[in-house]
Structures are given as structure tokens and as C-alpha cells.
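In what follows, a structure is listed as C-alpha cells, so that the remarks can point back to it.
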Amino acid sequence: MNPTGTPYILPRELTDISDDVRAAPAPALPILSAPFSMRTADPDSADPEMLTEWMNRPHLIEAWEQSWTVDRREQDLRAQLAGTYSRPCIVSFDFAAADRPELGSREVAYVELYRPAKDEIARLYHADPYDVAFHVATAEQELTGRGVIASFIAHMLPAIFSAEPNCRRLFVDPDHRNVAVRRLAEKFGVPPLGEFDIRPDRRITLYTLPRTPADMPTLRH
């Protein structure tokens, strides 16, 4: 049973948390400027089918390990929306900005915004209840090579801080072998806090972007 009282368990969500962490609301949806837009994923729409197809593409099977059925994807979206740990989002891109106006505006990525203080990475550092972290799944690999996803990240980071006035820092925690995310982090000057064995089968590199230098987090060990 998860904290919302439903049987579906979000794998990384912590339940043994303080009252102030529990009271923090779900991450706010950032407002992006053109050519990007972001909306909350809808379990009652075609989103579960679309995300299931995306997550069963070879590059996302390896990176996300979520080659689930449509039914499980729908359950996962509902569980996220019922609680305050995370929010599932769909990103759209207007291809006119890439000199491909004939493609129009298309949905190109899935993003999960989540509260690190309610996540397993809170075991690594002294988390603030309003910290925000994110995961990005790009539907088409070629968009990364064309700089579309780097441009999206450049739009999203300040938009999260604007939507979350109490957020002191942002985090991303890719697998330590994920070279693409490492390059993006370096591009945006996001420093690594180190590599950690978060679980016996998962080693991550933890990156953070503080709002101000004074907001740089401290590790627990």
C-alpha cells in the first residue's frame, strides 16, 4: 500500500519520512516558452498507450527499465497523480524551430518531476522538502543529437525554479554509465556530488544545480 492508500507502489518512493517532508506538495508544472510546452500526463487518454510504445523502444528499455504493459503504465500514472511524490509530464516541441515546419508540434519526451526528500536519493544527502529532481525519456534518439533535448533542458531548469519559489536546488541522478546525461550536466555547469550505490543493482551519479551558491547540499556520509 502506498502513502495515498492505493495498492500500486511507486518503486522509489519513501514512506518513512518526517511530517514537514510529507506536507510538501507535488512538484509544480513549469511553464515553458516556445518552442516547448509541457502538460501533465493523463491516464484516461491515449497517454498510457503512447508511453508504453516509447518505453519499449530499445534505447529506453535500457535506460529506464520500464518495458511495462499499458495497464501497468496507467496504474503508475494514476498512483503518481494521487500522491505528492512526483508528477508525470509530456513534452511537446514545435519543429518549426528546427526548420521542419511540416512536422508541426509533436510530443517528443516524457518527464517525471519528483521530490528528492521523498525519494531514495534522500538517503545520500540532507534533502530539503522542496527540492525538485527530474528524469527525462526522449522518444527519438535523433533529437538528442540535434540539440533539441539540450534546448529543452535549458528552458526547463529556470522554469522549475520560477514555478517553485521554495525550491533551493535541482537534481538529476542518471546511471553512472549514462554518458549523454553526463555531457548535458557538464554543458549546463551542473556539478556532480559523486557516484553512489543507491541499491545493490544500481549505481548512480548525482548532479545538483543550486539556486544560489549557499544552497549547495551536503552529503550524509
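Descriptive notes on the structure:
- For segment 1-148, averaging the sequence separation of C-alpha pairs within contact (under 8 Å, six or more residues apart) and dividing by the residue count gives a relative contact order of 25 percent.
- Judged by the gyration tensor of its Cα atoms, with axes a ≥ b ≥ c, segment 30-85 is oblate; a/c meets the 1.5 cut and b/c is at least as large as a/b.
- Counting Lys and Arg as +1 and Asp and Glu as -1 over every other residue whose Cβ lies under 15 Å from the Cβ of residue 113, the net charge comes to -1.
- With contacts taken as Cα pairs under 8 Å and at least 6 residues apart, segment 118-221 reaches a relative contact order of 34 percent.
- Å² per residue, accessible surface of segment 38-108 at 1.4 Å: 49 Å²
- Principal axis dimensions, segment 29-130 - Cα atoms, whole angstrom, descending: 47, 31, 27
- Taking Lys and Arg as +1 and Asp and Glu as -1, the other residues whose beta-carbon sits under 13 Å from that of residue 69 total -3.
- Cα gyration tensor, segment 94-221 - rounded (a/c under 1.5), prolate or oblate: prolate
- Taking the alpha carbon gyration tensor of the chain, multiplying each eigenvalue by 5 and rooting it gives semi-axes of 26, 22, 17 Å, largest first.
- Helix-derived mean residue ellipticity, 222 nm - over the chain, DSSP H n ≥ 4, -39500 (n - 2.57), to 500: -8000 deg cm²/dmol
- The local environment of residue 150, defined by Cβ-Cβ distances under 10 Å, has a net charge of +3 under the rule Lys, Arg +1 and Asp, Glu -1.
- Where a label projected 7 Å from the Cα of residue 151 along Cα→Cβ would reach, residues of segment 30-60 with amide N under 17 Å: 32-38
- Accessible surface of segment 120-209 [probe 1.4 Å, protein heavy atoms]: carbon and sulfur percent: 51 percent
The values are calculated or read from the model by the stated rules, or taken from the named source; none is laboratory data. Here the structure is a predicted model, which is why all the values come from computation and not from measurement. So basically every Cβ, Gly included, is an ideal-geometry build from the backbone, and we count neighbours across all protein chains shown. What goes into the accessible areas is simple: the full protein's heavy atoms, side chains included, and nothing from ligands, DNA or RNA. Shrake-Rupley method; radii C 1.70, N 1.55, O 1.52, S 1.80 Å.
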